[in-house]
1. Assuming R0 = 56 Å, what is the FRET efficiency of residue 226 and residue 565, from their Cβ-Cβ distance, to the nearest 0.05?
2. Can you tell me how much longer the chain between residue 163 and residue 627 gets when fully stretched, taken as 0.36 nm per residue apart minus their C-alpha distance, in nm with one decimal?
3. When a/c reaches 1.5 or more, the comparison of a/b and b/c decides; with that in mind, is region 187-289 rounded, prolate or oblate per its Cα gyration tensor?
4. Suppose the chain between residue 189 and residue 47 were pulled fully straight at 0.36 nm per residue; how much longer would it get relative to their current alpha carbon spacing?
């Protein structure tokens with residue numbers, strides 16, 4: 001399907017064309033907009049003119065009279081898509097305006113995937129059509145349910161497209177218009193899990209108010225600390241603080257400063273797992289290199305940084321032009337909010353209004369008592385107290401920045417004595433790719449199908465993949481087959497794609513630099529910066545080397561024979577061994593021999609599709625011993641195998657399959673994390689994650705929450721950001737869709 005804007009354009013363009021020819025359709029409804037899927041690109045087409053004797057709506061009317069009806073059929077009757085009372089006319093409706101109204105309803109129907117502009121059931125639909133009242137297009141505000149008050153307006157419960165939302169109602173006086181416009185334009189650009197989402201903006205019916213439609217949350221941090229909150233259970237305290245910092249850091253990364261961070265402006269999501277969300281961008285200001293100009297001091301006194309309070313406190317000597325501020329004023333406010341949350345309602349400088357005086361006196365009275373009362377064994381408490389102390393430093397230049405705050409919070413979370421995994425979908429899906437591969441060192445994804453390779457990267461590398469951007473596109477003239485393998489070399493300078501043959505791309509110049517003449521490729525694996533292993537469907541494995549001074553030239557340096565078929569290759573840098581696999585078994589090869597070092601043969605009578613992966617162990621204390629020491633260590637020889645269950649095979653410990661992890665016989669894809677600490681597998685829509693150190697399953701989610709199915713491949717990758725969600729998981733499944741997931745562990749008994 002085209003994207004949404006193209007679908008809307010094509011539908012309206014078709015209706016406009018008819019009207020330009022003096023033709024009124026007269027019977028527009030969703031059944032009369034067809035998808036021409038045989039064409040490329042796919043097109044939306046208007047069909048089945050109301051004046052035609054073959055009109056499908058006329059056939060529907062006859063079926064309805066005969067008693068043959070269901071919801072989908074009845075909804076497509078003419079009377080539900082027009083304001084005209086002549087809905088039973090066999091000649092169709094002659095008024096072009098009715099076509100336009102019906103087209104608008106169809107666009108709404110498409111955008112909401114089945115909703116109707118004039119009501120949620122047949123009876124209300126007809127009533128609202130007669131009264132010309134498009135109820136589902138309007139923002140419904142319940143002024144009897146006040147959620148909160150701000151400097152520029154009030155927030156009420158409401159409905160938008162039939163869904164519960166929060167509606168910020170702001171008076172549109174001349175003085176307020178500039179503030180409202182700024183908040184709208186700024187907020188629309190933000191898209192982050194820890195920032196409240198702005199869904200829509202509209203004027204009230206009487207034009208007295210501007211309505212900002214926001215995602216509905218379960219309460220504020222103030223509600224929680226004052227025991228007025230009744231929503232879902234919050235995450236651990238450390239993760240709550242992390243999420244607040246993460247949302248604010250995202251706002252900073254977009255070149256903005258918030259200027260009014262306080263507990264009332266930290267919301268708690270209604271969905272689980274619970275996310276903290278930074279809200280109320282009324283005072284937001286553009287920054288340049290983390291500095292912003294200011295004509296007025298904005299914010300809430302009790303949570304304001306000292307450098308801003310000093311200006312307000314000395315009104316007699318207030319300069320005509322205020323000094324520029326920095327984003328570290330938000331850091332100070334966040335430190336106070338952190339303390340408020342951890343102590344369930346106490347301000348570090350005192351809870352009474354004079355707390356602003358204590359801020360100016362550098363006297364954090366409550367913070368000092370809190371620090372003194374920490375238990376000797378409260379390690380996390382002492383770490384967090386130290387962090388907050390750095391955040392509320394009096395002098396801006398001595399105050400810690402949010403990237404370092406996030407880094408320290410992540411370190412605390414990784415050390416927590418719990419066994420829990422939090423998993424969430426990143427707000428993006430990638431569609432139509434046969435293979436997805438992550439860059440070894442940078443937050444870049446290479447995505448390939450039979451026509452092209454696209455590199456996706458993040459607009460802001462400090463928060464990977466918060467917004468996707470296409471970086472490089474390689475168009476292919478000779479790629480007619482499915483992509484079987486997509487692999488970066490060790491340092492990420494080159495990318496190899498295996499389909500009918502192999503092509504190697506230079507990621508810096510965006511060109512094919514080396515075609516490798518191997519036909520019917522089944523797998524590709526880099527084994528050094530300039531050496532690549534390629535397996536074919538006939539079971540042969542060839543090792544090619546590219547010359548250092550001429551990357552367009554390759555030479556064959558080694559060849560192995562795996563067997564009948566080989567569709568899996570894995571390289572272990574520590575042992576310098578190559579593993580090959582198929583439904584027949586697994587072989588482990590040394591570059592110094594022509595026969596396998598180790599082998600595992602699968603039973604021939606076992607016909608199910610086997611899946612396996614090699615744990616690439618790192619940092620196990622053998623670096624000084626070199627390759628020979630690594631080859632003697634069992635830690636470097638852990639294989640996951642799915643065959644009538646889930647097994648672990650280690651050739652140094654046992655020649656045959658040994659430990660069983662699960663009886664599941666339907667594993668579709670499997671992968672170890674790059675550091676070897678975690679194992680993920682997908683089975684009939686269920687994602688499972690094990691901790692490798694103890695082989696304990698630490699996470700399991702079925703497709704009731706996140707859909708996986710017909711999985712092509714899954715793969716881990718790690719970014720270099722300060723984001724807690726260091727581990728990311730790509731799930732690439734059949735049907736042309738791929739999803740990126742990110743997750744964090746609070747681990748026990750797992751070495752860092």
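1. In this case the efficiency is close to 0.30.
2. Between residue 163 and residue 627, full extension yields an extra 161.0 nm.
3. Oblate.
4. My answer for the length gained is 47.4 nm.
Computed from the coordinates by the stated procedures, all read-outs in this text should not be read as laboratory data. Note that the structure is predicted; figures quoted are calculated from it, not measured. Cβ: placed from backbone, ideal geometry, glycine included. Neighbour counts: every protein chain shown.
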